[in-house]
Amino acid sequence: MTDSYWCAKCGIPHTLGQRCPASMRAKWRRQDAQRAPHHGWYSSPTWRALRAQVLAAQPWCVGCMAEGRHTPATEVDHIVPHRGDWFTFTDIDNLQPLCKSCHSRKTMAEMQGDTMRKSRAFSPKTARRPVYARRPVAPAAAGPEVW
């Protein structure tokens with residue numbers, strides 16, 4: 001017989017080492033509540049189209065290219081963090097293709113307040129980015145406007 005414990009959350013016995021599904025759902029709900037509202041923008045059709053456009057126009061990581069390597073870009077990064085501003089979020093001139101490694105490094109530097117000193121590759125002036133066709137992008141309707 002396997003060892004088990006009684007879960008205080010749901011009152012059901014679980015195998016040792018196995019997490020309670022009810023506890024995990026509660027944890028996920030807490031994490032979702034703490035997440036910024038603009039986090040959902042990354043699953044919007046507008047973002048998916050912008051991301052596809054950037055990766056199609058420049059399939060190589062600009063960070064690696066600045067260092068003389070050719071690495072396929074897998075992520076699209078905001079050069080200047082949008083901080084919840086829709087127009088900065090959808091500004092195609094503020095987007096650059098990066099590989100997972102470069103994107104993680106840049107994000108960590110931003111989180112630590114380093115302002116991207118570690119590599120000039122992430123600067124809009126040094127990154128070689130293609131020119132995209134500009135089209136106006138409006139935010140999705142969130143309901144009636146309040147004046």
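The table for this structure:
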{"read-out": "Calculated Rg and Dmax of the stretch 1-112 using C-alpha coordinates, Å", "value": "20.3, 61"}
{"read-out": "Cβ-Cβ FRET estimate between THR107 and ALA56, R0 fixed at 22 Å, reported to 0.05", "value": "0.45"}
{"read-out": "Residue-normalised accessible area of the stretch 1-90, expressed per residue, 1.4 Å probe, Å²", "value": "67"}
{"read-out": "Environment charge at ASP85 (Cβ cut-off 15 Å; Lys +1, Arg +1, Asp -1, Glu -1)", "value": "-1"}
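The values are calculated or read from the model by the stated rules, or taken from the named source; none is laboratory data. No experiment lies behind these values; they were computed from the predicted model shown. Here the Cβ is made from the backbone with ideal geometry for all residues, glycine too, and neighbour counts use every protein chain on show. Just so you know, the surface numbers come from the protein's heavy atoms only, side chains and all, with ligands and any DNA or RNA stripped out. Shrake-Rupley method; radii C 1.70, N 1.55, O 1.52, S 1.80 Å.
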